[in-house]
Amino acid sequence: MSSGLDIADLPSEKTKAPSPIKEIHVSPPIVQPEAPKKKKKGSSGFITMVAILSILVHLMIKVHIHYTTPFGPGDTLSSGRSRGKCGLLRFSPKHDCTPASIFMKEDGVLQVSKNGKLIFEAIGPVGGDLAISKDGKILIGGKKPKISKYDSQMKTNWPFSDGVHVPKKAIFG
């Protein structure tokens, strides 16, 4: 009978004892360099602020030029709209611009005032827009207007450019 162990299973004296495990040298872990710290938001905020201010200044200059440019051949002014000679300068306490404005009323009346005084008035059809024809004639609603007021101060070129003929006496269309 067998005990379940065979002699062959036992280690013999002739067999070598297992050799000791060699010591393994492990290199230190590779450390990734730290990512560069992001710049403060202040610099990107500054750039954004400068960009927004630049856009606003550009738009303000465009608006100023649009509203102060004299009317010339091919230009129009819709009823209910106006323009001013000084544009955005009127908000400045230190400007040497003489206030003047042109207003195309919805009832077809074109009014030009200077220093708050009405110096020119032309009457056209109700709801008509001001248009300067290619040959420099003032039209309201596509027709020659009736001039009801003309002052000698209209001889200055604002609100009309040199190519525009401003009638001086009453014209009945």
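Need the failing condition index for HIS25 against (1) at pLDDT 70 or above; (2) not in a loop (DSSP other than H, G, I, E, B), just the number.
For HIS25, the failing item is (2).
So which residues in region 97-117 are surrounded by 13 or more Cβ atoms within 10 Å (Cβ to Cβ) and either touching a Phe, Trp or Tyr at 6+ places or on another chain (Cβ under 8 Å) or assigned to a strand (DSSP E or B) (or both), if there are any at all?
ALA100, SER101, ILE102, PHE103, MET104, VAL109, LEU110, GLN111, VAL112, SER113, LYS114
Does any residue in region 57-81 that is under 24 Å from GLY128 (Cβ atoms) come within less than 8 Å, Cβ to Cβ, of a residue that is exposed (fewer than 12 other Cβ atoms within 10 Å of the Cβ) and of a type outside the set (Ser, Thr, Tyr) six or more places away or on a different chain, and which pairs are these?
Cβ pairs passing all conditions: PRO73/LYS134; PRO73/ASP135; GLY74/LYS134.
Could you tell me which of the residues ILE102, ILE119 is modelled with pLDDT of 85 or more, in contact with a helix residue (DSSP H, G or I) (Cβ under 7 Å, 6 or more places away or on another chain) and within 30 Å of MET154 (Cβ to Cβ)?
ILE119 is the lone residue from the list that is modelled with pLDDT of 85 or more, in contact with a helix residue (DSSP H, G or I) (Cβ under 7 Å, 6 or more places away or on another chain) and within 30 Å of MET154 (Cβ to Cβ).
Residues of region 70-85 being part of a loop (DSSP other than H, G, I, E, B) and either out of contact with any strand residue (DSSP E or B) (no Cβ under 8 Å at 6 or more places or on another chain) or surrounded by 19 or more Cβ atoms within 10 Å (Cβ to Cβ) (or both), which ones?
Residues satisfying the conditions are SER79, LYS85.
The values are calculated or read from the model by the stated rules, or taken from the named source; none is laboratory data. On a predicted model such as this, the values are computed, not experimentally measured, just so you know. All Cβ positions, even for glycine, are placed from backbone atoms using ideal geometry, and neighbour counts span all protein chains on display.
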